[in-house]
1. Name every residue in segment 257-278 that is within 12 Å of Leu129 (Cβ to Cβ) and either at pLDDT 85 or above or β-branched (Val, Ile, Thr) (or both), in order of residue number.
2. Inside segment 184-220, can you point out the residues that are among the charged types (D, E, K, R) and crowded, with 19+ Cβ neighbours inside 10 Å?
3. What's the number of the only condition in (1) buried (at least 23 other Cβ atoms within 10 Å of the Cβ); (2) without any contact (Cβ under 8 Å) to a residue 24 or more places away in the chain that Met150 fails to meet?
4. Give Ile115, Ile137, Ile79 a once-over and let me know the one that is assigned by TED's automatic domain parsing to the domain that holds Gly159, farther than 22 Å from Leu211 by Cα, in contact with a Ser or Thr (Cβ under 6 Å, 6 or more places away or on another chain) and of a type outside the set (D, E, K, R).
5. Do we have any residue at all in segment 295-305 that's at pLDDT 90 or above and among the β-branched types (Val, Ile, Thr)?
6. Quick one: count up the residues across segment 47-105 that are more than 30 Å from Ile196 (Cβ to Cβ), assigned to a helix (DSSP H, G or I) and of a type in the set (Lys, Arg).
Amino acid sequence: QVLVQLPQLYGLRKNLRLMFKWRHPAVKEWAKLTFPLYLGRAGGYLNASIDKIFASFLPVGAISALSYGFLIVELPTAIFSLSLLNALFPRMSREASKENSGEDRRIMQQSMRIIALFLLPVMILMVLLRKSIVQIIFEHGAFSSTASEMTAVAILFYGLGLLAFGLNDVLVFGFNAHHNNIDSMKIGWVRVISNIVLNAVLVSSFGLAGLALATTLSGYIKLAILLVVYQRKYGRILGTKWKPWFGKILFAAGTMGFTVTALQVGLQQRAFSGGIFTQIGFLTGAVGLGVLVFAGAAIFLRVEELVSVKQFAVRQLRVKVGFQE
């Protein structure tokens, strides 16, 4: 990454010189924004380390199960959510710098809706299909069926927090756009403390599941606090339309979950006892059917985002057919 930039920098060498002006306003602003950001991220890494410390007192394989389970669960946010937010962040920052424009809140609202629309069905599919996912990806060689069961348990309870993890990212980016990393850092550390307390309470009764559940619950605690603080400081982002809209996608996701569960029950023996290609075929078919059912139900319920996608697809198809004719 550095080497690619060197040719351009070499061409600018006459206009560049190394300086150590630590009191420069830009350096002060960088330090003001960066150090809280690093401290906030350190809290996330500390959370994972604390979970592993508690897991070290559980049966062999618990630490690996937590690590593999969380790796699977965080993939959707790493691939989709953060990519979307990184693309939107410059615009979020630009609008946040304008006094009372309201556009920054509109961007936040739309970002949260898109993330929820994507992550809610993914969360349900991941929870329902966790055993197939683990068998296909991990259950090879020395990775035993017992290890698969433990990893599937971790995915179940981590997966229930996927929506909170994604929406937390949106709100943290919103604070960053307002050059306010202090509040998001403080709230991040509240999550660390709540995770420690919940780990201590739940691990004795629920073991591995309790540790994963503690992470999920602390994620929702963080989400609630972020929402309250953000809306107090920068204006309301969950308007009156949010509840009916969320109710629609929740119903669509529930319909999808019922359909996938029925498919699992009908093909349970083949799905879990067949070879690798049978398992891949089942997982692909279940995900495909689930997506179709969710999209169909959401369009039927007039969820704006998916209705717009449908209208765009129909227009493009008509243009293509007209061009071919």
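1. Within segment 257-278, Gly257, Val260, Thr261, Leu263, Gln264 qualify.
2. So the first thing to find is which residues in segment 184-220 are among the charged types (D, E, K, R), and the list is 186, 191.
Across segment 184-220, the qualifying residue is only Arg191.
3. (2)
4. Ile115
5. yes
6. 3
The values are calculated or read from the model by the stated rules, or taken from the named source; none is laboratory data. Please read these numbers as outputs of a predicted model, since none were measured by experiment. Neighbour counts are summed over all protein chains in view; Cβ atoms, including those assigned to glycine, are modelled from backbone coordinates with ideal geometry.
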